[in-house]
Amino acid sequence: MKFNCTQCGECCRHLNLSSLYVDLDSGNGTCRFLKGDLCSIYENRPLKCRVEECYRQFFAKEVSIEDYYRMNYEMCKKLKELKARRENKCHYH
């Protein structure tokens with residue numbers, strides 16, 4: 001089982017929603033390593049940006065992998081909804 005990331009970059013555009021990512025924030029809520037929709041340091045990205053490794057290191061004793069993925073997918077969906085609302089709002093101005 002593996003987390004199916006769509007590589008939309010939305011998780012990297014909303015770092016300001018969690019203090020966990022303050023060290024990666026370029027100052028506007030976007031990761032300083034995001035280029036387009038992709039991570040420019042993907043192979044060397046921090047542990048906190050690695051879904052599977054982060055699960056094994058910090059959450060495996062607390063929650064099942066299925067629930068962990070479900071929570072990640074739910075947050076992913078919310079971030080994509082934020083993007084859609086932002087884009088729709090821009091079309092009306």
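Assorted remarks:
- Residue count for the range 50-59, restricted to those that are under 16 Å from Cys5 (Cα atoms), part of a helix (DSSP H, G or I) and either without any contact (Cβ under 8 Å) to a residue 24 or more places away in the chain or open to solvent by 60 Å² or more (accessible area, probe 1.4 Å) (or both): 3.
- Evaluated against (1) in contact with a His (Cβ under 9 Å, 6 or more places away or on another chain); (2) part of a helix (DSSP H, G or I); (3) loosely packed, with under 15 Cβ neighbours inside 10 Å, Leu79 falls short on exactly one condition, (3).
- Inter-residue pairs, beta-carbon under 7 Å, first under 15 Å from Arg45 (Cβ atoms) and in a strand (DSSP E or B) and in the range 9-34, second of a type in the set (Gly, Ala, Ser) and open to solvent by less than 60 Å² (accessible area, probe 1.4 Å), 6+ apart: Leu34/Gly9
- Subset tally (residues that are under 24 Å from Phe58 (Cα atoms) and hydroxyl-bearing (Ser, Thr, Tyr)) for the range 20-29: 1
The values are calculated or read from the model by the stated rules, or taken from the named source; none is laboratory data. Quantities reported herein were computed from a predicted structural model and do not represent experimental measurements. Here the Cβ is made from the backbone with ideal geometry for all residues, glycine too, and neighbour counts use every protein chain on show. Please note that ligands, DNA and RNA were not included when accessible areas were found on the heavy atoms of the full protein model with its side chains. Shrake-Rupley method; radii C 1.70, N 1.55, O 1.52, S 1.80 Å.
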